[in-house]
Every structure is written in C-alpha cells, then in structure tokens.
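The values are calculated or read from the model by the stated rules, or taken from the named source; none is laboratory data. Predicted, not measured: the structure shown is a model, and the values here were computed from it. Glycine gets a Cβ as well: all are built from the backbone with ideal geometry, and neighbour counts include every protein chain shown.
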Amino acid sequence: MLSQQIKRPSLHEELVERLRSLVVEDGLKPGEKVPEKELCETFGVSRTPLREALKVLASEGFVVLQANRGARVAQITREELENTFPVIAVLEQLVGEIACERLDTEELAWIEQRHAAMVAAFRARDRKAYFQANQDIHQALLRGTRNDILEGHHKLLAARVRRARFMANLSDERWTQAIEEHETMMERLRARDAQGLGAVMKQHMMNKHAAHMAALDRSEQAPEET
C-alpha cells in the first residue's frame, strides 16, 4: 500500500488518483471493503476528504458505496468487460491515427527504445518489465495526440480495463500474439501509416478483450475449493 503522505495543495485530485491506482493495480481487491481508517493513516488525511474521493471512484464504477457500511471495491463483471472494451478499442484506433501524424522524431525514437525493452522483457519472460514497457508505449502514443479531451476519456476507461489484467496471468499464446501485434504497430508507425496503425491498435484491444473473456470463462467454470 502507498506510504507517502499527500501534500495539501492538490489533496482531492491526488487522493482520487492514489485510490484509483490501488484499485487498478490490485492493492485493493474486487469485493474487498475499503479500509478507511488505515488509508487515512497512510495518506495523512481525515475521513472527510477520503470519503469525498470515494464518491468520485463510485461515480467511475471502481467502488460501491454502502449505506452506513462504507465502501467496497467493485467486482469485475462480464457486463463491464463487454461494455468497456469495444469503446476503448475505438478510442485506441483514434489515438493511433492522430498520434501517427503528430509524433515528432524524438518521441518516435523514445517509443522505439521502449518497444525494444518490451521485446527483451518478453524474451526474458519478465512480465513486470514487459507490462511497464507496454504501458509506457501506449501512454506515449496517447500523449502524442496532443488532444486533452481524448486523453481524459481514454485514461478513465483504460484504468477500468487494466483491472481485468489481474483476473488471470497473461497466457503464453496471448503474450506471443500481443508481441506480434506490437511489431506490426511499430511497422505502421515508422511508415507514418495513420489508418493502418489505428486499425491494428483497435484489433489489438479487441484481441485483449477476447483473452480476458476466455479467462473469465475459465474462472467461472473452475470448481470451488472445499
């Protein structure tokens, strides 16, 4: 859990972001009761700003507020995945199309470096390094759009989608497929093929959706422990 106390000037925004990160990165697990007292001590805040931040997360679908019983982390549901992935896939397509035209040479070189690091992590089977490089690439493309409205909507949905990553480990088959898709993305980006990059990024997200749905199917079919 996070340990650094929060500075007052951006208290509300910072608190919302840190709580959101705890949910997204599995620091707070689906169905778990939000430990308000512990979080207040961790962040060095009172109950009032914490609860205001939880209201924001509830409006975003990350937590569920319960009358006189605090809040619980929202469960990842089939409906959430079915509704969210197609929308963010279209946003990914738009990101690819716009970024391909607006990225400068320096930004493209940095993405090349992170792509090389991601491939190296894949070959070393280092999942943590792989996911970090992967996220860096997608964030660089998003920033490269120079579009604050697109970036804001994308970040919110991307946070919801990232929660699904923790339902199950990335299978070797999907991991190999994802690397191949990223190789194709880089080819389109180097060629400044905006339509081509957008199409690949959209398909990349829908393939990820299919993998998560398959993982959800497996978890639902697994026998319960006795």
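Tell me, yes or no, whether the range 155-173 has at least one residue that is at pLDDT 95 or above, assigned by TED's automatic domain parsing to the domain that holds residue 106 and of a type in the set (A, V, I, L, M).
No, there is no match, as no residue in the range 155-173 is at pLDDT 95 or above, assigned by TED's automatic domain parsing to the domain that holds residue 106 and of a type in the set (A, V, I, L, M).
Which one of these is in contact (Cβ under 8 Å) with a residue 24 or more places away in the chain, farther than 27 Å from residue 180 by Cβ and either surrounded by fewer than 13 Cβ atoms within 10 Å (Cβ to Cβ) or in contact with a strand residue (DSSP E or B) (Cβ under 7 Å, 6 or more places away or on another chain) (or both): 11, 15, 28, 19?
28
Return yes or no: is residue 59 under 22 Å from the mean Cα position of the chain (by Cα), among the polar types (S, T, N, Q), modelled with pLDDT under 95 and outside the structural domain of residue 137 (by TED's automatic domain parsing)?
yes
List the pairs whose first member sits in the range 91-120 and is farther than 14 Å from residue 191 by Cβ, whose second member is at pLDDT 95 or above and outside any helix (DSSP H, G or I), and whose Cβ atoms are under 7 Å apart, counting only residues at least 6 apart or on separate chains?
Final answer for the pair search is 95/145; 98/145; 98/147; 102/144; 102/145; 102/146; 107/144.
Would you please name the residue that is surrounded by the most Cβ atoms within 10 Å (Cβ to Cβ), looking only at residues in the range 105-133 that are of a type in the set (A, V, I, L, M) and farther than 13 Å from residue 179 by Cβ?
Going through the qualifying residues, I end up with 111.
Across the range 200-226, which residue is modelled with the lowest pLDDT among those that are surrounded by 17 or more Cβ atoms within 10 Å (Cβ to Cβ) and among the small types (Gly, Ala, Ser)?
My answer is 215.
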